[in-house]
Amino acid sequence: MVVLNIFFLIAGQTASTLLGRFYYNQGGNSKWMSTFVQTAGFPVLFIALYLFRSKSTQTATASPETSGIKITLIYIALGLIIAADDLMYSYGLLYLPVSTYSLICASQLAFNAVFSYFLNAQKFTALIFNSVVLLTFSAALLGVDEDSQGTNGLSHGKYILGFVLTLGASATYSLILSLMQVTFEKVIKRETFSVVLNMQIYTALVATIASLIGLFASGEWKTLEGEMHAFGSGKLSYVMTLLWTAISWQIASVGVVGLIFVVSSLFSNVISTLALPIIPVFAVIFFHDKMDGVKIIAMLMAIWGFISYGYQLYVNDKKARKTSVSVEESS
């Protein structure tokens, strides 16, 4: 189950990011449409909910003392934050080469460590500190890399805006995961598969509605028909690109939910970060992104940061297992 969910997460995240860039490369320009497809495929999650219904029916509802109104408000608040986060990602993917974008997104692990320290009482060890420093420097290198700026015919100002928004989106994504963890621990007070899946479904529903409102309020919906006709690889390709982008995001979501349930939310975030240094390789193959020395160093630093963080999780898990064995033997 762990291997299968890791595959879903990495494959879904890689495919959705590459398809998102393909949408822009072929003439797509609607930031709200790009935001919309990141959550619009959430009905796919009902399949997973149905398949595991028999295993989790008895724990599918929240604790009796938990107010339905409180949970609804949490879903709405998180959904709106997710919509804003997706919009920042959409701008980042538009204004940055996909290789640069994905490497900046790896900074979410550093933000995750910081938010987990303040919100989830996670200890800040030397290995985690090392990971945060490496990922911070990795993102900083890309921020000052002059060779990446002005690529794809974009101005220096748009590159900086894309960099800042992608960094902000990475921080926001980590905040969302920490807030979800707090909700499971303090409000819902359980973390079964169905509860985690419900969290994903209802927050995605709110985010999708918010994205639709943004699409119509911004007036971008008026340009969609012309965008489809002018799409570089044809109208059918336009529809299929958006459809498979939405499906890919939800395949990744199934992987996220599965790893949260089987292992932990922290492990899920670590694995999602693992996919990010892989994406630049595909970006070079499919979009001919330039991989200069600075990007390669940034990618190696991101991988090093990931390994450092992952090793700390391994150490923590080993300690927990030893403690568990000791308790069992003493009893």
Given the options L236, L93, L274, which has the most mean-square fluctuation in a GNM of the chain, springs set between C-alpha atoms less than 10 angstrom apart? L236
Whole-Hz Karplus ³J(HN,Hα) for segment 107-121, in order, using 6.51 cos²θ - 1.76 cosθ + 1.60 and θ = phi - 60°, x for Gly and Pro? 5, 4, 5, 5, 5, 4, 4, 5, 5, 5, 5, 7, 9, 10, 6
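Rounding to the nearest 20 debye, state how big the charge dipole of the chain is about its Cα centre with +1 on each Lys and Arg Cβ and -1 on each Asp and Glu Cβ.
560 debye
Which shape class applies to segment 110-252: rounded if a/c is under 1.5, otherwise prolate when a/b exceeds b/c and oblate if not, where a ≥ b ≥ c are the square roots of the Cα gyration tensor eigenvalues?
Judged from the Cα gyration tensor, segment 110-252 comes out oblate (a/c at least 1.5, b/c at or above a/b).
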Expected output is a single nm value to one decimal: the length gained when fully extending between L4 and S330, i.e. 0.36 nm times separation in residues minus the C-alpha distance. What is it? 113.7 nm
Using a 1.4 Å probe, how large is the accessible area of E227, given in Å² and rounded to the nearest 10? 20 Å²
Hey, rough spin-label estimate for V315 and A121, points 7 angstrom out along Cα→Cβ, what's it come to in nanometres? 2.1 nm
Quickly estimate the mean residue ellipticity at 222 nm for the chain, helices only: each DSSP H run with n ≥ 4 gives -39500 (n - 2.57), and the total goes over all residues, rounded to 500. -25500 deg cm²/dmol
Mind checking which lysines have their C-alpha under 18 Å from K319, skipping anything on the same chain fewer than 8 residues away? K123
Heavy atoms only, probe 1.4 angstrom, no DNA, RNA or ligands counted: give me I297, I279 ranked by accessible area, highest first. I297, I279
Using each residue's phi in segment 308-314, evaluate 6.51 cos²θ - 1.76 cosθ + 1.60 at θ = phi - 60° and report the 3J(HN,Hα) Karplus result to the nearest Hz, with x for Gly and Pro. 4, 5, x, 5, 4, 4, 4
Defining a contact as two alpha carbons under 8 Å apart and six or more residues distant in sequence, what relative contact order in percent does segment 209-331 show? 13 percent
Under 26 Å from the Cα of K235 - lysines, other chains or at least 8 residues apart: K31, K222
Considering only protein heavy atoms and a probe of 1.4 Å, how much of the accessible area of the chain is carbon and sulfur, as a whole percent? 70 percent
Working with all protein chains in place, sort M199, M291, M33 by solvent-accessible area computed with a 1.4 Å probe, largest first. M291, M33, M199
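Could you rank F36, F124 by how accessible they are, 1.4 Å probe, largest area first?
Numbers: F36 45, F124 80 Å².
Output order, biggest surface exposure first: F124, F36.
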Could you give the accessible area per residue of the chain, probe 1.4 Å, as a whole number in Å²? 47 Å²
Förster radius 30 Å - calculated FRET efficiency between S233 and S155 (Cβ-Cβ, nearest 0.05): 0.70
Where a ≥ b ≥ c are root eigenvalues of the Cα gyration tensor, a/c under 1.5 meaning rounded, otherwise prolate if a/b exceeds b/c and oblate otherwise, the chain counts as oblate
Determine ³J(HN,Hα), in whole Hz, for all residues of segment 156-168 in sequence, where each value follows from phi through the Karplus function 6.51 cos²θ - 1.76 cosθ + 1.60 and θ = phi - 60°; x replaces Gly and Pro. 4, x, 5, 4, 4, 4, x, 4, 5, 5, 5, 5, x
Can you give me the C-alpha center-to-center distance between segment 316-331 and segment 73-121, rounded to a whole angstrom? 35 Å
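The values are calculated or read from the model by the stated rules, or taken from the named source; none is laboratory data. In this text, all values refer to a predicted model and were calculated from it rather than measured experimentally. Backbone-built Cβ (ideal geometry, glycine too); neighbour counts: all protein chains shown. Keep in mind that these areas ignore ligands, DNA and RNA; they rest on the heavy atoms of the full protein, side chains included. Shrake-Rupley method; radii C 1.70, N 1.55, O 1.52, S 1.80 Å.
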